[in-house]
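**Q** Structure in structure tokens, see below.
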Amino acid sequence: MATQECSIGTRFTLPFGKRKLIGLLIGISEHSEIAPEKLRPALKALDTDALLPDSLFNMCLWASQYYQHPIGEVLNNALPTLLRQGDSTELNRELRHKLTTKGELIDADDLKRAPRQAKALLLLREHPQGLTQKALSSLSVTPAHIKALRHKELVQQTHMEHIRSWPIAESPLAEPALHLNEEQALAVSTISQKQNTFTPVLLHGITGSGKTEVYLQLIEKSLCEDKQVLVLVPEIGLTPQTVQRFRNRFRCAISVLHSGLTDNQRLQSWLKARSGETHIIIGTRSAIFTPMIRPGMIIVDEEHDASFKQQDGFRYSARDLALYRGKKENIPVILGTATPCLESLHNANQKRFLYIPLTKRAGDARPPLFQLLDIRTRRLNNGLSAELIEKMQHTLKKGEQVLLFLNRRGYAPTLICHDCGWMAQCPRCDARYTIHKNPPHLRCHHCGDKRTITSSCPECGSRDLLPVGQGTEKLEDTVRELFPETTVQRIDRDSTRRKDAMSQIIQQIHQGKPMILLGTQMIAKGHHFPNVTLVAIVDADGGLFSCDFRAPEHMAQLIIQVAGRAGREGKAGEVVLQTRQPEHPMLIRLLQEGYRSFADGELLQRSAAQLPPYSYLALIRAEAANEDVCFDFLNHVRELLAAKMGDNPLKLLGPVPAPMTRRAGKFHAQLLLQAPQRSLLNQLLTPFLAELESTKEARRVRWSVDIDPVDLY
């Protein structure tokens, strides 16, 4: 195939042994390092135009280099599955029924002997663009009626081309915008002035401050300029309520992209965004690769959330790619959160980001009152103190809702033998099985292994086996016993596995009836529960003593996010933290001085220790069936790096066992690289990793590189 027929970014069917594979053209060269007689021609060109716009294609090239990951796998992430398999880029247009010229002119009275056909004719006259059969059926028009009209040449079938959602001269609003308070109005005004330039904005609004309304009014301005907007959310569970709020506000096409869709649904949403038919794209992490023909703005909601970092394979950060993409497309990027990550706050302090605070709750809502409840000497009813139970009773009597937060799913974290001390240990991980009650079984939350619950101890034969500790299932049982007349809803990964389960639970919560909600961190992320006035963190000590330097930051973010569910619509809110560490300086500073003060203190400590954001990390992980093989490989890596470092002020820490050494039957170890500048890290790693791949040591283990790791597991 002649090179002039080829375009960078197009797909080809290629011969690969006896198979035919799909390839993406990423470059054209006059010469090849492979002998010409060994080259085989492409079989077929699948596209005439590049699949990705230049800005997005270049972002993939940059991401491949920065995250030290093969470009093929990066582009695989950027393209829907069906395109990687060779499917067409043509949109599936809706098949609609519309009137023919004859149908438009005929008098409906001519069909008086067929009243249902006459009704269908009149309906189609009211909708000159046509109606789908689904829409017609909802109006009591059956396929038989349409078939009869087609036989009379009054109706025709057509695949409808895209129709603009609203006339360009009119407003895109389906309902009026809300009134903004002074801070919100200033935020909208300030960001609007940066509408057509790359401006990274950190919108730091306390929970309930109306960040979403700021987004909506900024989006309205982009829509009025006929621009597209990409909105990233951290979890699928947040997508339905976000989409519903956006659809209520705007009369424009909205596409959704997340892992819960079928391959065809993802492809159609992706193609509509690429063609410009969709004006608002809402999605999780991978939606950052969605093309836009008229990009206007990128919004990253809950920007601090660790879900924006891919934790296996191509380990990219969607938040950081959003900033890179915004720069290339010359559009503003808004990072919104009540609890900014320390890297974003540092960038704001260094004036790299425009910092806009929202310090007041929207409307009449007031910040909740915090109470540290010392439970060291108190008797607990499966984790609940008498004082907390009394507060729950008082809240429910007022017709309000209670939220209990416990970040451990399952019934109990350990099964132990009362006689000999045996504990149910996962044979494949350095972790214990968690007990689940519905249905009864033991499950490892690290490798997914499941076992039936044994009736006797395998060590001593005793039948006195006890569940120790508490998970959300056990808490649910306790709460149902204490409040038998009250509806209880558990929200965790187990209770929301079924399709639409999360949406149905949220719908029930929004009815406002007295209710007790309990769950894991899924319940803390961006949800708006108007009638929740009491929030209790059942165990606030979980992240106070972790070996991970990011643990205090993550713990503080979780506390503030959970607390933010209380008192959001004018009603007084209260937050109770049950703790055995009431004097802990982190808790005291966070609750008395707020998240910003806590974060400033953490940044000072990070600066003193030269930890991120004051340095940059890369983590080389290794796993193998034999622990010695892991360490042999990482020691080999360390020796090679040490020989190549020269004057590079890079530090090598390790190798050391991973915090969980054995997981899923494999041993894990890691080597940490630390550098004062990003460029130094990449300059060393890029040539080194290419060389390392060809060594025999690299073939004996499974290894990976994680640039800017968010955890050390």
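Only the coordinates and a few stated rules stand behind these numbers; no lab work does. Fair warning: this is a prediction, and the values are worked out from it, not measured in the lab. Positions of Cβ are backbone-derived with ideal geometry, glycine not excepted, and every protein chain shown enters the neighbour counts.
**Q** With an 8 Å cut-off on Cα pairs and a minimum separation of 6 or more residues, tell me the relative contact order of region 3-84 in percent.
**A** Worked out over region 3-84, it gives 29 percent.
**Q** Looking at region 209-364 only, what percent of DSSP beta bridges run antiparallel? Nearest 5 please.
**A** 5 percent
**Q** How much length is gained on full extension from T101 to L466, taking 0.36 nm per residue of separation minus their Cα-Cα distance?
**A** The span from T101 to L466 would gain 123.6 nm if fully extended.
**Q** Can you spot the aspartates and glutamates whose alpha carbon is less than 18 Å from K98's alpha carbon? Ignore those fewer than 8 places along the same chain.
**A** Reachable aspartates and glutamates: D107, E126, E153, E161.
**Q** While we're looking at this one, here's another question. Take each of the peptides 199-209, 608-618, average the number of other beta-carbon atoms within 10 Å over its residues, and list them starting from the highest.
**A** 199-209, 608-618
**Q** For region 616-707, what is Rg from Cα atoms divided by 2.2 N^0.38 Å, rounded to two decimals? Intermediate values should be presented prior to the final figure.
**A** Numbers: Rg = 12.8 Å, N = 92, 2.2 N^0.38 = 12.3 Å.
The reported ratio for this selection is 1.04.
**Q** Using only alpha carbon positions, build the gyration tensor of region 95-159, then give the equivalent ellipsoid semi-axes as the square roots of 5 times its eigenvalues, largest first, whole angstrom. Write out the running numbers ahead of the final one.
**A** Details: eigenvalues 50, 35, 21 Å².
For region 95-159, the ellipsoid semi-axes come out as 16, 13, 10 Å.
**Q** K644: which lysines have alpha carbons under 25 Å from its alpha carbon, excluding same-chain residues fewer than 8 sequence positions away?
**A** Of all the lysines, those that pass the test against K644 - Cα under 25 Å, at least 8 places apart if same chain - are K696.
**Q** Now for a separate question. Give me the distance between the Cα centres of region 645-697 and region 504-534, rounded to whole Å.
**A** If you average the Cα positions of each part, the centres end up 43 Å apart.
**Q** To one decimal place, what orientation-averaged projected area in nm² is obtained for the convex hull of the Cα set of the chain?
**A** 40.3 nm²
**Q** Stretch R19-A642 to full length: gain in nm at 0.36 nm per residue minus the Cα-Cα span?
**A** Between R19 and A642, full extension yields an extra 220.0 nm.
**Q** OK, next. Can you give the % of DSSP beta bridges in the chain that are antiparallel, to the nearest 5?
**A** Details: 52 of 104 bridges.
Antiparallel bridges: around 50 percent, rounded to the nearest 5.
**Q** So, how do all the Cα-to-Cα distances of region 3-84 break down into 5 Å bins, in percent, from 0 on up?
**A** 3, 13, 22, 24, 21, 13, 4, 0
**Q** Given a Förster radius of 51 Å and the C-beta distance between K398 and M660 as r, what FRET efficiency does 1/(1 + (r/R0)^6) yield to the nearest 0.05? Numbers along the way, then the final one.
**A** Details: r = 45 Å, r/R0 = 0.87.
Computed FRET efficiency for K398 and M660: 0.70.
**Q** Counting only helical runs of four or more DSSP H residues, what would the 222 nm mean residue ellipticity of the chain come to if each run contributes -39,500 (n - 2.57) and the total is spread over all its residues?
**A** -9500 deg cm²/dmol
**Q** Taking the Cα-to-Cβ direction at Y614 and at I71 and moving 7 Å from each Cα, how far apart do the two end points lie in nm?
**A** 3.9 nm
**Q** Past the 30 Å Cα-Cα mark, which pairs from K327/K525; K309/K437; K18/K666?
**A** Cα-Cα > 30 Å for K309/K437; K18/K666; rest within.
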